[in-house]
Amino acid sequence: MKEYKFKINGKEYNVAVNGIEGKNADVTVNGVNYQVELENEVSPAVAAAPAAAAPAAQAAPAAAAAPKPAGAGKKIESPLPGVIISVMENEILSDVDGTITAVHVKQGDSVLEGADIVTVG
């Protein structure tokens, strides 16, 4: 297992690459396990090399990138990292009243803590 420390937009992420098989990597980001799909398949010999694990570790934080807001208002952020099982599945509190003007995630997206989820206007 190879471990990395990333700092993205001022937030620190501890990433452990637990294993790579083909185009799939098993990584842990800040204690939460993720299955990451790589762009290119990694051969077993290359997957064992520490240098080859770096692209997989970088793939986890990149998954947090959300689309730019489609509506005006206050962005509501994810309170914790995870996978979006269903849009509007969980209650997430907002500090403003209003109507949701934009949804920045879709079912199946992996999000990190602080990622934009919706915009309330």
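The values are calculated or read from the model by the stated rules, or taken from the named source; none is laboratory data. Owing to the predicted nature of the structure, the values given are computational and were not obtained by experimental measurement. All Cβ positions, even for glycine, are placed from backbone atoms using ideal geometry, and neighbour counts span all protein chains on display. All accessible areas refer to the heavy atoms of the entire protein, side chains included, with ligands and DNA or RNA removed. Shrake-Rupley method; radii C 1.70, N 1.55, O 1.52, S 1.80 Å.
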Could you figure out which of (1) under 11 Å from the mean Cα position of the chain (by Cα); (2) crowded, with 19+ Cβ neighbours inside 10 Å; (3) modelled with pLDDT of 85 or more isn't true of Gln35? (2)
Matching option when the condition is at pLDDT 85 or above and part of a strand (DSSP E or B), among Lys7, Lys23, Lys75: Lys75
So, Lys68, is that one at pLDDT 85 or above and open to solvent by 60 Å² or more (accessible area, probe 1.4 Å) or not? no
Pairing a residue in region 81-100 that is open to solvent by 100 Å² or more (accessible area, probe 1.4 Å) with any residue that is not in a strand (DSSP E or B), where Cβ atoms lie under 8 Å and the two sit 6 or more apart in sequence or on different chains, gives Ile85/Gln107
Which residue is most open to solvent (accessible area, probe 1.4 Å), if the candidates are limited to region 106-120 and must be over 22 Å from Glu12 (Cα atoms) and touching a residue at least 24 places away in the same chain (Cβ under 8 Å)? Gly108
Matching residues, region 21-31, being farther than 26 Å from Pro79 by Cβ and either in contact with a Pro (Cβ under 7 Å, 6 or more places away or on another chain) or open to solvent by less than 30 Å² (accessible area, probe 1.4 Å) (or both): Gly22
